1. Please verify whether A:GLY26 is more than 20 Å from A:ARG8 (Cβ to Cβ), of a type outside the set (S, T, N, Q) and within 16 Å of DNA strand D (Cβ to nearest atom), treating the condition exactly as stated.
2. Quick one: is B:VAL12 surrounded by 13 or more Cβ atoms within 10 Å (Cβ to Cβ) and under 22 Å from A:PHE112 (Cβ atoms)?
3. Could you tell me whether any residue of region B:29-38 is surrounded by fewer than 17 Cβ atoms within 10 Å (Cβ to Cβ) and at positive phi?
4. Have a look at A:LEU38, A:LEU43 and point out the one that is of a type outside the set (S, T, N, Q), over 27 Å from A:GLN160 (Cα atoms) and not in a helix (DSSP H, G or I).
5. I'd like the residue in region B:148-174 that is without any contact (Cβ under 8 Å) to a residue 40 or more places away in the chain and among the basic types (Lys, Arg) and, out of all such residues, is surrounded by the most Cβ atoms within 10 Å (Cβ to Cβ).
6. For A:TYR128, all conditions in the list (1) more than 11 Å from every other protein chain (Cβ to nearest Cβ); (2) touching a residue at least 24 places away in the same chain (Cβ under 8 Å) hold save one; what is the number of the exception?
7. Could you figure out which of (1) buried (at least 17 other Cβ atoms within 10 Å of the Cβ); (2) at pLDDT 95 or above; (3) away from DNA strand D (no atom under 12 Å from the Cβ) isn't true of A:TRP65?
8. Is it true that some residue in region A:70-88 is within 12 Å of DNA strand D (Cβ to nearest atom) and over 29 Å from A:PHE175 (Cα atoms)?
Protein chains: 2
Amino acid sequence: MAKSPTTRDAVVPVLAEAFREHGYEGASMSVLQEASGLGRGSLYNFFPAGKEEMARAVLDDIRSWFAERVFAPLRAAAGGDRASAQAGIAAMLDEVDGYFRSGRRICLQGAFALGRERDRFAEAVGGYFSEWADALAAALGASGAPEPRALALRIVGAIQGGIVLARALDDPGAFVAALDDARRAARVEAQTRKD
Amino acid sequence: MAKSPTTRDAVVPVLAEAFREHGYEGASMSVLQEASGLGRGSLYNFFPAGKEEMARAVLDDIRSWFAERVFAPLRAAAGGDRASAQAGIAAMLDEVDGYFRSGRRICLQGAFALGRERDRFAEAVGGYFSEWADALAAALGASGAPEPRALALRIVGAIQGGIVLARALDDPGAFVAALDDARRAARVEAQTRKD
DNA sequence: GTCTATAAAGCGATAGAC
DNA sequence: GTCTATCGCTTTATAGAC
């Protein structure tokens, strides 16, 4: 049995997993209580505004993780030559594969985008995707791709679609294939201008 | 004010829209009652097993619509020559664009795939996507694409990802772009073997 | 700061009048 | 067949003991 987290920072990732597994509405206080091992009083002590504040903290935490492990490396790669930009994009896709556990783990922002949660968390959801697309477009541009913005949206979309398909078909291979396609697309488009 | 539907068949599309807008959990009996203009008694008369039966009827109705307007034409196109197969694929993408209203309307099966509903409706969700992918793969094969199955999954995934992005970024253009990419990919791959 | 008990509202489902 | 009233349960949030 895992030890109960004792700080707000430590409980956020646990809540994140509960939200991913049960959805926003499905993650009732009882579920969150059991997942965290904390009593109701402790949870409301950490998050006085209740469930909505918890979800906001979770979305923010996910975005921080991506900012550090995905967006920042992409922007760094965009500052180098074509080869390093391409390497940075490939590294991003590996990082993403690990994060989503080959499609077995959902993207909370993506799931929120499809539901009622979209309105309440619009800024967090939209910001996450536009930051991702911006960073990826920068790296794609540096890699030599002719239409980096469009390709970035295509790749981020393919990743989201891959998660949907992997879960719908109960086959992680659908997500892995989507990532492979993204890798290939990034490579091919980069060569388009490698004249 | 729209007239209240008086048959089970007529109420299903209304319930479908309510489920799309509110999600499975968010579509409470009160919401479904208000959306349909029917009393609780009528709804339970049509769907004795309650909400779950309503959702099943909705998923089945959507699948029927796709079977008639999307899957069957694709399979018919697959039986013709390369040109007609390509035309069938293009027509499918137009049909899909209209159905999802350029990304303003979500795919209920896709949304269910990302949530808890996936387990309860696994067969309906998985069947929808595999039927779609199968029909599209057949048409792609007939169009001359070298790896029709992989490309079919890529295209269906891109459509789902396009819906996620369009809603997350509050920009239907993201969905339209995903469809354009799909159109291009189907055309390019078909030419690959046009030797 | 953490707990339990409870309040107030909403849920899905049912019963019974008509 | 359609309605309203209501049951039993769960929800989020709060209050008060420790």
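The values are calculated or read from the model by the stated rules, or taken from the named source; none is laboratory data. What you see is a predicted model, and the numbers here were worked out from it, not measured in a lab. Because the Cβ atoms are built from the backbone with ideal geometry, glycine has one as well, and the counts that use them run over all protein chains shown.
1. Working: more than 20 Å from A:ARG8 (Cβ to Cβ): yes; of a type outside the set (S, T, N, Q): yes; within 16 Å of DNA strand D (Cβ to nearest atom): yes.
Here the answer is yes, as A:GLY26 does meet what is asked.
2. no
3. From region B:29-38, those surrounded by fewer than 17 Cβ atoms within 10 Å (Cβ to Cβ) are B:29-31, B:33-34, B:37; that's our starting set.
Subsequent filtering for residues that are at positive phi retains B:37.
So far as region B:29-38 goes, yes, one or more of its residues are surrounded by fewer than 17 Cβ atoms within 10 Å (Cβ to Cβ) and at positive phi.
4. Numbers: A:LEU43 fails: not in a helix (DSSP H, G or I).
Result of the check over A:LEU38, A:LEU43: A:LEU38.
5. B:ARG154
6. (1)
7. The one condition A:TRP65 does not meet is (1).
8. Applying the first criterion (within 12 Å of DNA strand D (Cβ to nearest atom)) to region A:70-88 yields none.
No, region A:70-88 has no match at all.
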